[in-house]
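The values are calculated or read from the model by the stated rules, or taken from the named source; none is laboratory data. This one's a predicted model, so the numbers in the text were calculated from it and none came from an experiment. Heads up, the Cβs are rebuilt from the backbone with ideal geometry, glycines too, and the neighbour counts pull from every protein chain shown.
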Amino acid sequence: MLKWVDKINSPADLKKVPLTKLPEVADEYRRFLIESVAKTGGHLGASLGALELNIALHYVLDSPKDKICWDVGHQAYIHKIITGRRDRMTTLRQHDGISGFPSPFENPHDHFIVGHAGTAISQAVGLAAARDLKKETEKVVAVVGDGAMTAGLSYEALNNAGHLKKDMLIVLNDNEMSIAKNVGAISKYLNKVLTNPIYNRIRSEVEKQLEHFPRLRKFAANNLEGMKHLFVPGILFEELGFRYFGPVDGHDVVQLVKTLRQVLSLGDCSLLHIVTEKGKGCKFAANDAEKLHGVTPFNVQTGEKIAPAATSAGKKVKGKAYTKVFVEELLKLARRQKEIVAITAAMPTGTGLSEFEKEFPDRFFDVGIAEQHAITFAGALAKGGLKPVCAVYSTFLQRSMDNLLHDVALQRLPAVLALDRAGLVGADGATHNGVFDISYLGHIPHAVIGAPKDQAEMGRMLELGFKYPHIFAVRYPRGEVPIRFAERTGIDTFEIGQGEILREGQDVSLLCLGSTVELALQAADILKEQQVAARVVNMRFARPVDGKLIEDSLAKTKCIFTIEEHVLTGGFGSKVLEWAEENNIAGTIRRIALPDEFIEHGSRDILFDRFGLSPEKIAQRVLTQLRDNSSVSLFS
């Protein structure tokens with residue numbers, strides 16, 4: 001039984017707790033959170049680090065009238081619990097359960113969906129400007145992790161906020177760790193002084209004593225401005241137009257409440273710098289903050305992962321993770337070609353590049369949460385005679401469209417893009433699903449988009465990519481190489497735009513690539529039981545497509561089905577249709593893809609079945625098409 005937490009179902013309930021009892025509330029929430037996330041998995045470390053801040057904000061503010069902008073939302077689990085979702089935490093990140101990130105479609109206390117870093121200050125400035133135009137009075141607070149301060153968007157927003165000088169507060173949650181250890185000059189600057197708010201104490205005391213002496217006060221203020229340069233870790237923010245407070249202990253919940261009340265009462269454009277420990281209260285998270293950033297279910301006592309229950313036999317058995325396959329093949333090439341350099345945007349472990357860093361530290365660049373810079377930087381490296389590969393999650397590369405077009409493609413510069421988590425990602429849901437990359441890369445002149453089914457194809461695509469004079473993207477899913485392809489290593493001999501026939505059949509052709517090759521082969525097995533012979537074609541490339549195989553498949557089978565782990569519009573199937581139209585090739589082409597919508601969290605298997613990409617649903621779609629074949633149109 002939890003003495004306090006069980007009684008708190010809203011911020012109003014929290015405010016009924018005596019201020020001196022808030023440390024007890026924090027202890028209960030910490031225990032509840034660890035036990036809850038141990039069952040479901042989730043972003044544990046960040047939520048533990050920001051736990052007291054969540055409590056203090058809701059104790060002081062009047063949410064949802066007062067607005068809290070989270071950056072990123074994995075700091076906000078306690079916010080979710082305080083705002084009425086305690087009993088639904090057992091469904092966190094589960095299919096049809098609550099999201100791992102804030103969502104206004106889930107709860108009125110959430111004002112934005114936030115799964116990508118760097119957005120909170122911009123959103124807070126916008127809310128404050130809207131409030132003032134409507135002559136309203138609510139408070140606006142942005143909660144920003146120090147990792148998000150490596151994002152260029154944060155500084156664009158700081159510049160605008162300091163100019164507008166709206167009544168708003170930025171809380172800088174400084175834990176020296178975003179996902180991986182923070183890098184860059186800004187991080188070093190923030191971490192240089194973790195205590196000693198000397199300037200603020202002197203300034204406040206002098207201003208208090210000189211309230212009735214305007215001339216002396218002006219003189220003192222000028223001198224304090226000079227002192228600031230000697231003492232304040234927040235000089236950067238003061239120069240941008242913010243009133244800086246801190247650093248303060250972010251785990252002293254009582255002091256946080258008092259400080260927030262004082263700062264918010266000023267009605268100024270302010271920044272409160274708090275210092276926290278990511279993973280506080282959970283030794284497993286504190287000892288390995290990067291791994292415990294996002295956790296799968298684990299044993300609360302030992303920290304060991306709990307393996308998921310076995311599902312249907314056979315087909316769930318997988319091989320090596322695609323991320324591991326990527327870095328192994330990259331290292332093979334890098335050992336032979338000293339010009340190869342690797343770039344990541346604050347995800348060295350997630351993308352596998354931490355292994356590259358160990359072997360080639362001088363050829364590895366972590367640019368922080370700055371995907372736009374990563375791409376322009378890659379183009380300049382190429383201009384300087386190197387061969388850059390930028391490893392980034394598909395969902396995060398979305399931020400870099402202008403950089404890809406203007407700073408790489410238009411300049412006729414080469415760059416290899418390793419798009420990890422291309423496709424559905426599972427529990428992270430709509431903010432992280434990488435299902436748009438073929439669309440947003442497919443219109444860039446000369447860009448190549450490949451999708452390897454196994455390690456041998458991965459090696460060959462990287463080899464081709466480093467020889468190619470333009471953008472070359474390799475997309476691969478969050479998952480493992482299917483067991484039937486697990487032993488295929490070495491280097492294949494195909495060229496750009498060249499596919500292969502994996503299985504012959506005269507009734508229908510299944511054109512697939514990457515993660516859907518296994519789905520197509522399993523669907524072909526099901527169709528065989530229904531006396532339907534399916535040709536399975538591994539196209540390998542979404543752009544350019546293998547026109548010869550398309551034409552041959554249309555000539556030898558009754559119809560073609562394209563199968564892809566991507567949205568319908570602008571994807572691989574669209575490229576096949578475009579090729580057929582451009583080459584005046586007639587035939588029946590049907591596309592099996594994800595719908596053009598934002599898909600919420602759930603396991604890949606559940607979502608594949610729900611949206612028609614499971615082998616069973618693919619086979620059923622084919623059978624239905626063949627039954628109706630006499631009435632089909634040319635294209636759909």
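For this structure, a couple of remarks:
- Residue that is surrounded by the most Cβ atoms within 10 Å (Cβ to Cβ), among those in segment 138-165 that are assigned to a loop (DSSP other than H, G, I, E, B) and modelled with pLDDT of 95 or more: LYS139
- Hey, ASN403 out of contact with any strand residue (DSSP E or B) (no Cβ under 8 Å at 6 or more places or on another chain), more than 22 Å from PHE356 (Cα to Cα) and not assigned by TED's automatic domain parsing to the domain that holds HIS116 or not: yes
- Here GLU24 clears all of (1) farther than 20 Å from GLN255 by Cα; (2) more than 31 Å from the chain's Cα centre (by Cα); (3) assigned to a helix (DSSP H, G or I); (4) not basic (Lys, Arg) except the condition numbered (1).
To keep it simple, each residue is scored yes or no on (1) surrounded by 17 or more Cβ atoms within 10 Å (Cβ to Cβ); (2) closer than 29 Å to ALA391 by Cβ; (3) in contact (Cβ under 8 Å) with a residue 12 or more places away in the chain.
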residue: PHE472; (1), (2), (3): yes, yes, yes
residue: ARG475; (1), (2), (3): yes, yes, yes
residue: ILE501; (1), (2), (3): no, no, yes
residue: GLU504; (1), (2), (3): no, no, yes
residue: LEU510; (1), (2), (3): yes, no, yes
residue: ALA520; (1), (2), (3): yes, yes, yes
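For (1) in the same structural domain as LEU240 (by TED's automatic domain parsing); (2) closer than 30 Å to MET168 by Cα; (3) crowded, with 21+ Cβ neighbours inside 10 Å; (4) at pLDDT 95 or above, each residue gets a yes or a no:
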{"position": "SER265", "(1), (2), (3), (4)": "yes, yes, no, no"}
{"position": "LEU272", "(1), (2), (3), (4)": "yes, yes, yes, no"}
{"position": "PRO348", "(1), (2), (3), (4)": "no, no, yes, no"}
{"position": "PHE364", "(1), (2), (3), (4)": "no, no, no, yes"}
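- Filter pass, VAL416 being in the same structural domain as SER354 (by TED's automatic domain parsing), crowded, with 22+ Cβ neighbours inside 10 Å, more than 11 Å from the chain's Cα centre (by Cα) and farther than 25 Å from GLU597 by Cα: yes
- Applying the criterion of at least 1 residues that are farther than 20 Å from GLY479 by Cα, at pLDDT 95 or above and not assigned by TED's automatic domain parsing to the domain that holds TYR468 to the helices (runs of 4 or more DSSP H) found wholly in segment 544-636 leaves 547-556, 572-582, 615-627.
- Here PHE611 meets the list (1) more than 21 Å from ILE449 (Cβ to Cβ); (2) out of contact with any strand residue (DSSP E or B) (no Cβ under 6 Å at 6 or more places or on another chain) almost entirely, failing just condition (2).
- Any hit, segment 441-455, residues being of a type outside the set (Lys, Arg) and closer than 20 Å to ALA117 by Cβ: no
- In segment 67-90, the condition of being closer than 28 Å to ALA151 by Cα, over 23 Å from the mean Cα position of the chain (by Cα), surrounded by 21 or more Cβ atoms within 10 Å (Cβ to Cβ) and at pLDDT 90 or above is met by at least one residue.
- Residues of segment 518-543 satisfying the condition of being of a type in the set (Gly, Ala, Ser) and not in a strand (DSSP E or B): ALA520, ALA523, ALA524, ALA533
- The set of residues from segment 222-263 being in contact with an Asp or Glu (Cβ under 8 Å, 6 or more places away or on another chain), at pLDDT below 90 and among the aliphatic types (A, V, I, L, M) comprises just one member, VAL232.
- Answer residue from segment 27-50, given it is surrounded by 22 or more Cβ atoms within 10 Å (Cβ to Cβ) and hydrophobic (A, V, I, L, M, F, W, C) and is farthest from THR276 (Cα to Cα) among those: VAL37
- Matching entry among SER47, SER36, SER10 (being within 23 Å of CYS282 (Cβ to Cβ), polar (S, T, N, Q) and in contact (Cβ under 8 Å) with a residue 40 or more places away in the chain): SER36
- Checking each residue in segment 392-404 for being buried (at least 17 other Cβ atoms within 10 Å of the Cβ) and more than 12 Å from HIS373 (Cβ to Cβ) picks out TYR393, SER394, THR395, PHE396, LEU397, LEU404.
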